[in-house]
Structure formats: structure tokens, C-alpha cells
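Beneath this line is the structure, given in C-alpha cells, with notes to follow.
FYI, it's all coordinate maths here, none of it is from the lab. Every value quoted in this text rests on a predicted model; they were computed, and no experiment measured them. Neighbour counts run over all protein chains shown; Cβ positions are idealised from the backbone, glycine included.
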Amino acid sequence: MNVTPHLTIPNASDPGVTMHRQLITKKELAKELSVSTRTIDNWVRQKRIPVHRFSSRCIRFKLPKVQSALDKFEIREVGRKVE
């Protein structure tokens, strides 16, 4: 009799268990950045943010890399007093 071992996946609600996902979906990225998924599509097309493309429909993102790429487009006003 063949017995296949079962994989135990830790429950994220268990104390002491840290679940760290590196790749996130377009919808999750849009929610994290408070923009629409259409904006994410535009940034990918403009090559503003890095993307992992596994197929034509399956793309994933690494949040830290996306945030550092977007930091290059940050505009800071110099010489303006904040009241």
C-alpha cells in the first residue's frame, strides 16, 4: 500500500508563525499602493515598475522593489515653507 506524505502548512493565525510571501498579485499591489489595477497596468507598460511575468496572464510583483522603483519618481519641493 502506497502512502503519500501530507504536507503541513502552518496556519497564519497560529502565534509564532510568520508567513512571508515575496511575490504579490496586481490586485494586492494596487491595494497596497492605493491605486487602481489600471494604473499598475500603465506602470508596467511604461516600464516604471519591475514585474515577474510567468505567462501572458500571470504576473507578480515584489513590493520592496516596486517601492524603490517608484521612489525615483518622487518630487520634493525645495525652498517652500510648510505652514
Original post:
Name the residues in the stretch 36-58 that are of a type outside the set (S, T, N, Q), part of a helix (DSSP H, G or I) and within 21 Å of Q22 (Cβ to Cβ), would you?
Top reply: I40, W43, V44
Original post:
List, please: which pairs have Cβ atoms under 9 Å, are six or more places apart or on different chains, and start with a residue in the stretch 29-41 that is touching a residue at least 60 places away in the same chain (Cβ under 8 Å) and closer than 17 Å to K65 by Cβ and end with one that is part of a helix (DSSP H, G or I) and of a type in the set (A, V, I, L, M)?
Top reply: none
Subject >> For F54: the one exception among (1) among the hydrophobic types (A, V, I, L, M, F, W, C); (2) touching a strand residue (DSSP E or B) at 6+ places or on another chain (Cβ under 8 Å); (3) without any contact (Cβ under 8 Å) to a residue 12 or more places away in the chain; (4) surrounded by 12 or more Cβ atoms within 10 Å (Cβ to Cβ) >> reply: (4)
**OP:** Please name all residue pairs, on different chains or six or more residues apart, with Cβ atoms under 8 Å, provided the first residue is in the stretch 59-79 and is in a loop (DSSP other than H, G, I, E, B) and the second residue is surrounded by 13 or more Cβ atoms within 10 Å (Cβ to Cβ).
**Re:** F73/R48
